[in-house]
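Colleague: Please read through the structure below; I'll follow up with questions.
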Amino acid sequence: MELLMFYGFGLLALFAGVAMILSRQPVTSALLMILNMFCLSALYALLDAHLIAVLQLLVYAGAIMVLVLFVIMLLNLREKKGIITKHQASLQVVGVAAFGFFVMTVVSRLNTAALPKSKAASAGFGTVEAVGRILFTDYVLPFEIASVLLLAAIVGAVMLAKSKV
Amino acid sequence: MSVGHYLLLSAALFAVGVVGVVTRRNSIIVYMCIELMLNAVNLTFIAFARQLGDMGGQIFTFMVMTVAAAEAAVGLAIIISVFRNRLSVDVDDVNLLKG
């Protein structure tokens, strides 16, 4: 059952990713990206990361992709020339395909047998309570730094997008 | 269900993201492909967190999402200001720094 769900959502995620880079309409690309993020969220739930699965939907599919769609519709973009950059397009595709093959080979040859056998997840693994507890104890400094980063991003975005300073 | 399946899927998604960044000319699509690559790495973190029974990997994913949200705000603001100056978001048109 788990394997079936993995293949279902995994192949759908892969299909959405490939269709996203092939699509001519930016809006279609953005919607396919949202589909991809839904599938990844399902995979996170399959891996017992319940909090991250919900955050993936809220932050990525809910906030970030809505912002992207908003910008696409605000700018009213259309592809005038081809969708591929003009510099040696075939060379780019070949090089990237070779890179992809290399990555896949390395990963498939990884010695995952050396890892400890995956046990059944301990009770409460990946729940809001468990993740929140270590977020506010062991990882409290990165958490606080993230708040400063978000503040800087807000100020920076307003400064960049404002028409007159 | 081993971690290897998830690693292969995440490598494939990452490679798709790289293809998009290198070949597409619309900078919003390029931005979305970068997000795809971040997501692929997040999947690796979550898979290893599950395999090793350590929630540190989930914290890492949480931080990556925070950085991605900040990047979305700043990146799209940059795209809007480029569009305002050039009336295009084509990466081939933004070549002021090219020698």
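Colleague: Answer yes if at least one residue in the range B:62-83 is farther than 21 Å from A:LEU150 by Cα and at the interface with chain A (Cβ under 7 Å from one of its Cβ atoms), and no otherwise.
Modeller: Yes, because at least one residue in the range B:62-83 is farther than 21 Å from A:LEU150 by Cα and at the interface with chain A (Cβ under 7 Å from one of its Cβ atoms).
Colleague: Oh, and also: What do you reckon, is A:ILE64 in contact with a Pro (Cβ under 8 Å, 6 or more places away or on another chain) and part of a helix (DSSP H, G or I)?
Modeller: When the stated conditions are applied, A:ILE64 does not pass them.
Colleague: Limited to the range A:25-55, what total is found for residues that are more than 17 Å from the chain's Cα centre (by Cα) and crowded, with 21+ Cβ neighbours inside 10 Å?
Modeller: 2
Colleague: Every residue in the range B:31-70 that is in contact (Cβ under 8 Å) with a residue 12 or more places away in the chain and charged (D, E, K, R), please.
Modeller: Answer for the range B:31-70, where residues must be in contact (Cβ under 8 Å) with a residue 12 or more places away in the chain and charged (D, E, K, R): B:GLU35, B:ARG50.
Colleague: Which of the residues that make up the range A:80-91 are modelled with pLDDT of 65 or more and within 23 Å of the chain's Cα centre (by Cα)?
Modeller: Answer for the range A:80-91, where residues must be modelled with pLDDT of 65 or more and within 23 Å of the chain's Cα centre (by Cα): there is none.
Colleague: Go through A:LEU58, A:LEU4, A:LEU22, A:LEU75 for me and flag whichever is surrounded by 17 or more Cβ atoms within 10 Å (Cβ to Cβ) and modelled with pLDDT under 95.
Modeller: Testing whether each residue is surrounded by 17 or more Cβ atoms within 10 Å (Cβ to Cβ) and modelled with pLDDT under 95 leaves just A:LEU75.
Colleague: So, one more: Within the range B:6-35, restricting attention to residues that are more than 7 Å from chain A (Cβ to nearest Cβ) and either β-branched (Val, Ile, Thr) or not in a helix (DSSP H, G or I) (or both), which residue is surrounded by the most Cβ atoms within 10 Å (Cβ to Cβ)?
Modeller: Taking the candidates together, the pick is B:VAL30.
Colleague: Can I ask one more? Please identify the pairs in which a residue from the range A:24-50 that is within 19 Å of B:ILE34 (Cβ to Cβ) has its Cβ atom under 6 Å from the Cβ atom of a residue that is among the aromatic types (Phe, Trp, Tyr), counting only partners at least 6 apart or on another chain.
Modeller: Final answer for the pair search is A:MET37/A:TYR60; A:CYS39/A:PHE9.
Colleague: A further question on this structure: Can you go through A:PHE70, A:PHE136 and tell me which one is under 30 Å from A:ILE21 (Cβ atoms) and either at pLDDT 90 or above or basic (Lys, Arg) (or both)?
Modeller: A:PHE70
Colleague: While we're here: Taking A:MET65, is it at pLDDT 90 or above, buried (at least 18 other Cβ atoms within 10 Å of the Cβ) and within 8 Å of chain B (Cβ to nearest Cβ)?
Modeller: So A:MET65 does not fit the description; no.
Colleague: Has the range B:69-76 got any residue that is under 13 Å from the mean Cα position of the chain (by Cα) and within 23 Å of A:VAL128 (Cα to Cα)?
Modeller: yes
Colleague: Of all residues in the range B:36-61 being facing another protein chain (nearest Cβ under 7 Å) and farther than 16 Å from B:VAL3 by Cα, which is farthest from the chain's Cα centre (by Cα)?
Modeller: Among them, the one singled out is B:ILE59.
The values are calculated or read from the model by the stated rules, or taken from the named source; none is laboratory data. Here the structure is a predicted model, which is why all the values come from computation and not from measurement. No Cβ is skipped: glycine too gets one built from the backbone with ideal geometry, and neighbour counts run over all protein chains shown.
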